[in-house]
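Report on the following structure.
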Amino acid sequence: MKSPRPNRQARGATLLEMIVASALVMVLASGVFPLMHWNDKRMKENQLKIALATMRQAIDKYNEYAVEGLIIQEDVDQMFYPVDLEELVEGVEVGDPQSPDAKEVRFLTRIPPNPFTGEPDWGMRSYQDDWDSTSWGGENLYDVFSDYQGKALDGSYYQEW
């Protein structure tokens, strides 16, 4: 038995097939875009954790050297902590006060930017400030936190990290 259209060959997709294929692509794409948003946020959160850990390690290392007497502090209010983040970047003289072989040590190469703002804007706390203070007393630098007003994927706020 012969087909009703013997001379015609299938040349492409019909309009209905193209509409169905386009609809499927749109449905799949609508599921991918939110995943990309969450992935971007997760990456920024990881960068924030790394930046905070790096600065806190630098503060702790400065404190360790100061407690050991390798960094001479002129102000008693410093309590063995740096004055600010810039002091960690600019560097300080480290060495035995009795020895002429002091060397300059930089604890940070630069102040890392906040991944959510792109600027090096960090909240700071002094040793004398309350543990949950959002304003810096200015005596010394005991801790840093993010100033970004946002909520993390785990439900916590970035300022609490």
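Could you list, ordered by first residue, the pairs with Cβ atoms under 7 Å in which the first is in the range 22-41 and among the small types (Gly, Ala, Ser) and loosely packed, with under 10 Cβ neighbours inside 10 Å and the second is in a helix (DSSP H, G or I) and at pLDDT 85 or above, at least 6 apart or interchain?
If the second residue must be in a helix (DSSP H, G or I) and at pLDDT 85 or above, no pairs are left.
Applying the selection to the range 45-81, what residues are assigned to a helix (DSSP H, G or I), of a type in the set (Val, Ile, Thr) and modelled with pLDDT under 95?
Once the filter is applied, which keeps residues that are assigned to a helix (DSSP H, G or I), of a type in the set (Val, Ile, Thr) and modelled with pLDDT under 95, the range 45-81 yields VAL67, VAL76.
So, in the range 90-123, exactly how many residues are crowded, with 16+ Cβ neighbours inside 10 Å, at pLDDT 95 or above and not aromatic (Phe, Trp, Tyr)?
5
Just to verify a result, which residue in the range 82-127, among those that are part of a strand (DSSP E or B) and aliphatic (A, V, I, L, M), is nearest to LEU52 (Cα to Cα)?
Per the criteria, the residue is MET124.
Evaluate the following for ILE72: is it surrounded by 11 or more Cβ atoms within 10 Å (Cβ to Cβ), within 18 Å of ARG125 (Cα to Cα) and in contact with a Pro (Cβ under 8 Å, 6 or more places away or on another chain)?
No; evaluated as a whole, the condition is false for this residue.
Quick one: which of ASP121, ASP154, ASP130 is free of Cβ contacts under 8 Å to residues at least 24 places away in the same chain, under 25 Å from ASP77 (Cα atoms) and out of contact with any strand residue (DSSP E or B) (no Cβ under 8 Å at 6 or more places or on another chain)?
Being free of Cβ contacts under 8 Å to residues at least 24 places away in the same chain, under 25 Å from ASP77 (Cα atoms) and out of contact with any strand residue (DSSP E or B) (no Cβ under 8 Å at 6 or more places or on another chain) holds for just one of ASP121, ASP154, ASP130, which is ASP130.
The values are calculated or read from the model by the stated rules, or taken from the named source; none is laboratory data. Note that the coordinates shown come from a computational prediction; the quantities given were computed from them, not determined experimentally. Cβ coordinates were reconstructed from backbone atoms using ideal geometry, including for glycine residues, and neighbour counts include every protein chain displayed.
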